[in-house]
1. For the chain, what proportion of DSSP beta bridges, expressed in % and rounded to the nearest 5, is antiparallel?
2. Using only protein heavy atoms and a 1.4 Å probe, report how much of Tyr25 is accessible, in Å² to the nearest 10.
3. Determine ³J(HN,Hα), in whole Hz, for all residues of the stretch 7-23 in sequence, where each value follows from phi through the Karplus function 6.51 cos²θ - 1.76 cosθ + 1.60 and θ = phi - 60°; x replaces Gly and Pro.
4. From the square roots a ≥ b ≥ c of the eigenvalues of the alpha-carbon gyration tensor of the chain, which class results: rounded (a/c under 1.5), prolate (a/b over b/c), or oblate?
5. Between Ser260 and residues 5 or more places away or on another chain, which pairs have amide H atoms under 5 Å apart, with H built 1.01 Å from N, and which residues are they?
6. Compute the signed sum of charges (Lys and Arg +1, Asp and Glu -1) over the other residues within less than 12 Å, Cβ to Cβ, of Thr157.
7. Please compute the net charge surrounding Leu42, taking Lys and Arg as +1 and Asp and Glu as -1 over other residues with Cβ under 11 Å from its Cβ.
8. Residue by residue through the stretch 139-149, what is 3J(HN,Hα) from phi via Karplus (6.51 cos²θ - 1.76 cosθ + 1.60, θ = phi - 60°)? Round to whole Hz and write x for glycine and proline.
Amino acid sequence: KITELFKEFDKSKVYMVDLESGLHYLLRVELATRKTLEGAELKTFKDFVTVVSKLFPGRQSVVKLLETLLEWLISLPLEKIPYEAILDLANNKMRISGLHLSERVQWIGCQGSSVALRGYPCSLWTLFHVLTVQAASRPDALANTALEDDPLAVLQTMRQYIGTFFGCHECGKHFEEMAQESMSQVKSLDEAVLWLWRKHNQVNARLAGTLSEDPMFPKTQWPTPDLCQACHEEQDGLHVWIEDMVLAFLKKHYSAANISPKYTT
Ligand code: FAD
């Protein structure tokens with residue numbers, strides 16, 4: 001039975017191992033398609049590293065790696081950076097103590113019923129939600145960076161990352177269309193959390209029943225009532241979201257306190 005191969009997990013939790021596996025994949029696999037980074041690509045990567053190094057509520061060894069990467073990117077006067085140099089840093093070739101990002105890929109909350117399903121794209125969404133929630137919970141975290149005081153800092157950075165580097169080009173195109181349509185209406189850090197939630201549900205609705213859907217993990221309008229009953233109401237026979245409740249739920253679900261360290265090594 002397929003289910004016996006599954007690692008036990010709790011869908012009301014977020015798993016650090018998914019986030020770390022996602023960062024590993026991003027830095028060592030996705031970015032490896034580039035020989036060098038320069039111009040707009042380099043700026044996109046620097047903004048991404050700024051956002052994750054300041055907002056990722058991760059283990060000390062991973063945060064330290066991201067901070068070191070950021071310091072290095074900022075201090076380099078180069079207009080062009082070879083990918084090999086980024087990889088050396090991700091692999092801690094300089095042997096700086098207390099700095100590490102595992103090379104092991106293990107999906108738990110993001111595990112799929114086949115290798116082609118879920119995994120990295122699931123972890124990228126998860127990271128994206130965690131970052132918007134962290135930005136809303138710690139509004140000063142991006143102080144003294146180029147992204148300070150911008151309610152769109154995380155959304156714009158991820159939009160650029162997805163449009164530039166995300167291996168699924170069709171996804172990038174769809175996401176850009178959604179961003180152009182309504183991202184500029186976001187005026188606060190809380191609205192950014194809700195915007196991302198709404199757009200993710202729009203993607204879920206579009207993909208329901210397609211080949212992207214893992215039959216073991218059907219696309220739903222999330223959070224389902226078993227996760228957040230108070231998020232749902234019926235008014236005049238129609239389903240409505242209670243957005244205040246959704247926001248409170250997202251801030252709890254994607255908070256540092258709800259990230260489980262289970263399965264990390
Ligand atoms: P995912 O959709 O990856 O979600 C991961 C987890 O997030 C879920 O398990 C759930 O716990 C939680 N979640 C679900 N919905 C929400 C929500 N509304 N708010 C907050 N949390 C939620 N694939 C395509 O085939 N075509 C596309 O155009 C496409 N566009 C994409 C755009 C982006 C930016 C990304 C990151 C991925 C895109 N993908 C696309 C991939 C696709 O959305 C899924 O990531 C993939 O199919 C794996 O689905 P999943 O079941 O693991 O759940």
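The values are calculated or read from the model by the stated rules, or taken from the named source; none is laboratory data. None of these values were measured; they are calculated from a predicted model. Cβ: placed from backbone, ideal geometry, glycine included. Neighbour counts: every protein chain shown. With ligands, DNA and RNA removed, areas are computed over all heavy atoms of the protein, side chains included. Shrake-Rupley method; radii C 1.70, N 1.55, O 1.52, S 1.80 Å.
1. Details: 8 of 10 bridges.
Here the share of antiparallel DSSP bridges comes out near 80 percent.
2. Only protein atoms counted, so the area is about 80 Å².
3. Coupling constants for the stretch 7-23: 8, 5, 8, 10, 6, 8, 10, 10, 10, 4, 5, 5, 5, 5, 5, x, 5 Hz.
4. On the way: a/c = 1.66, a/b = 1.35, b/c = 1.22.
Prolate.
5. Amide H neighbours of Ser260, under 5 Å, 5+ apart: Val14, Tyr15, Met16.
6. Values: positive: Lys43, Lys46, Lys54, Arg159; negative: Asp47, Asp150.
Result for the neighbourhood of Thr157: +2.
7. Working: positive: Arg34, Lys43, Lys46, Lys80; negative: Glu38, Glu41, Asp47, Glu79.
Summing Lys/Arg as +1 and Asp/Glu as -1 gives 0.
8. Here the 3J(HN,Hα) series is x, 8, 4, 9, 4, 6, 10, 5, 9, 4, 6 Hz.
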